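Trainee: Here you go, one structure.
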Amino acid sequence: MRGDEVIGFTHDRASQADFVAVPAEQLAPKPSGVPWEVAGSLFVAGTTAYAVVRAVALREGETVVVSGAAGGVGTLTVQLARNVGARVLGLASEHHHAWLEQHGVIPITYGEGVEARIRDAAGGPVDAFIDTFGGGYVELAINLGVAPDRIDTIADRAGAAKYGVKTAGNADAASADVLRELASLVDKGLLEVPIAKVYPLDAVQDAFRELEERHTIGKIVLVP
């Protein structure tokens, strides 16, 4: 109804604006307990995280590795994987380890020797691997013995083509129903969307400069 608070999405790359018109079927109600900065961050990162967790078919008790675990997609991916009941190993820089631990994730520092660190932390087979970062993690997952159909990457198309792994991402979960489900999880306290920094729309260039540094935890948000 007119005046209802809603969350929406567009495929037209028009979301960095004061006003955007979208079809009604691309809208979902915004729960009153979800702040606007969080609500506005849910679509791309949230639906991508939803898609990758679904793609690797996680089950309770399984072990999954997530690369880029402290990024905008990674922070949501590790939480959704934990909600399934999976044991999550998150690759991230050391100054993000505390956040991961607070969310039930076993943090692992990336870089030289990461395969050995993963094997030590896993203490057994790795069942699935979600790559949100790129840079050779698909091959690492194969070396760890993960089956190609239990590997998903959103950042390494060449590796996916070479090893036949999945590339599910935002487009595979882009729906109002998924957006509604994610917002409900936030409202119930079952999903946190960490906000790294909020920029006004007229400072969008500064926001992208910070994003390029790839050191923030969670989402960088633009507000009108």
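The values are calculated or read from the model by the stated rules, or taken from the named source; none is laboratory data. Note that this is a predicted model, so its numbers are computed, not measured. Cβ sites come from the backbone with ideal geometry, for glycine too, and all protein chains shown count toward neighbours. Accessible surface is based on the protein model in full, side chains and every heavy atom, while ligands, DNA and RNA are left aside. Shrake-Rupley method; radii C 1.70, N 1.55, O 1.52, S 1.80 Å.
Trainee: Go through the stretch 86-112 and give me each residue that's charged (D, E, K, R) and touching a helix residue (DSSP H, G or I) at 6+ places or on another chain (Cβ under 9 Å).
Mentor: Result: 87, single match.
Trainee: Additional query: Considering the stretch 77-91 alone, what residues qualify as being among the aliphatic types (A, V, I, L, M) and touching a residue at least 60 places away in the same chain (Cβ under 8 Å)?
Mentor: 80
Trainee: Pick out, from the stretch 103-180, the strands (runs of 3 or more DSSP E) lying fully within it that include 2 or more residues that are β-branched (Val, Ile, Thr) and either in contact (Cβ under 8 Å) with a residue 40 or more places away in the chain or out of contact with any His (no Cβ under 7 Å at 6 or more places or on another chain) (or both).
Mentor: 106-108, 151-153
Trainee: Given the criterion among the aliphatic types (A, V, I, L, M), closer than 24 Å to residue 162 by Cα and modelled with pLDDT of 95 or more, identify the matching residue among 121, 86, 128, 98.
Mentor: Of 121, 86, 128, 98, the one residue that is among the aliphatic types (A, V, I, L, M), closer than 24 Å to residue 162 by Cα and modelled with pLDDT of 95 or more is 128.
Trainee: Condition test on residue 60, is it loosely packed, with under 11 Cβ neighbours inside 10 Å, more than 13 Å from the chain's Cα centre (by Cα) and closer than 19 Å to residue 191 by Cα? Let's see the steps before the verdict.
Mentor: Numbers: loosely packed, with under 11 Cβ neighbours inside 10 Å: yes; more than 13 Å from the chain's Cα centre (by Cα): yes; closer than 19 Å to residue 191 by Cα: yes.
Spelling it out, residue 60 is indeed loosely packed, with under 11 Cβ neighbours inside 10 Å, more than 13 Å from the chain's Cα centre (by Cα) and closer than 19 Å to residue 191 by Cα.
Trainee: Looking only at the stretch 164-196, which residues are under 21 Å from residue 5 (Cα atoms), surrounded by 13 or more Cβ atoms within 10 Å (Cβ to Cβ) and among the small types (Gly, Ala, Ser)?
Mentor: Selection gives 174, 175, 176, 183, 184.
Trainee: Residues in the stretch 140-147: is at least one in contact with a Ser or Thr (Cβ under 7 Å, 6 or more places away or on another chain) and either open to solvent by less than 60 Å² (accessible area, probe 1.4 Å) or of a type in the set (Lys, Arg) (or both)?
Mentor: no
Trainee: Another question about this same structure. Among the residues of the stretch 3-41, which ones are open to solvent by 60 Å² or more (accessible area, probe 1.4 Å), within 18 Å of residue 173 (Cα to Cα) and aliphatic (A, V, I, L, M)?
Mentor: Scanning the stretch 3-41 gives a single hit, 24.
Trainee: Shifting gears a bit: Checking the structure you have, find out if any residue of the stretch 155-163 is in contact with a Phe, Trp or Tyr (Cβ under 9 Å, 6 or more places away or on another chain), closer than 30 Å to residue 25 by Cα and not charged (D, E, K, R). Spell out how you get there, then give the answer.
Mentor: We begin by selecting, within the stretch 155-163, every residue in contact with a Phe, Trp or Tyr (Cβ under 9 Å, 6 or more places away or on another chain); these are 155-156, 159.
Among the residues that remain, those that are also closer than 30 Å to residue 25 by Cα are: 155.
After this cut, where a residue has to be not charged (D, E, K, R) as well, the list is 155.
Yes: the stretch 155-163 contains one or more residues that are in contact with a Phe, Trp or Tyr (Cβ under 9 Å, 6 or more places away or on another chain), closer than 30 Å to residue 25 by Cα and not charged (D, E, K, R).
Trainee: Next question. Could you please tell me which pairs satisfy a Cβ distance under 8 Å, a separation of 6+ or placement on different chains, a first residue in the stretch 187-204 that is over 28 Å from residue 85 (Cβ atoms), and a second residue that is among the small types (Gly, Ala, Ser) and surrounded by fewer than 16 Cβ atoms within 10 Å (Cβ to Cβ)?
Mentor: Between residues of the stretch 187-204 that are over 28 Å from residue 85 (Cβ atoms) and residues that are among the small types (Gly, Ala, Ser) and surrounded by fewer than 16 Cβ atoms within 10 Å (Cβ to Cβ), the close pairs are 201/17.
Trainee: Keeping to the stretch 42-55, report how many residues are of a type in the set (Lys, Arg) and either under 19 Å from residue 220 (Cβ atoms) or exposed (fewer than 11 other Cβ atoms within 10 Å of the Cβ) (or both).
Mentor: Summing the residues that are of a type in the set (Lys, Arg) and either under 19 Å from residue 220 (Cβ atoms) or exposed (fewer than 11 other Cβ atoms within 10 Å of the Cβ) (or both) in the stretch 42-55 gives 0.
Trainee: Just to be sure I understand, how many residues within the stretch 63-93 are out of contact with any Pro (no Cβ under 9 Å at 6 or more places or on another chain) and farther than 21 Å from residue 221 by Cβ?
Mentor: 13
Trainee: Which residues, taken from the stretch 197-216, are among the aliphatic types (A, V, I, L, M), open to solvent by 40 Å² or more (accessible area, probe 1.4 Å) and within 20 Å of the chain's Cα centre (by Cα)?
Mentor: Within the stretch 197-216, 198, 211 qualify.
Trainee: Further question on the same structure: Quick check on residue 70: is it assigned to a loop (DSSP other than H, G, I, E, B), touching a helix residue (DSSP H, G or I) at 6+ places or on another chain (Cβ under 6 Å) and open to solvent by less than 20 Å² (accessible area, probe 1.4 Å)?
Mentor: Spelling it out, residue 70 is indeed assigned to a loop (DSSP other than H, G, I, E, B), touching a helix residue (DSSP H, G or I) at 6+ places or on another chain (Cβ under 6 Å) and open to solvent by less than 20 Å² (accessible area, probe 1.4 Å).
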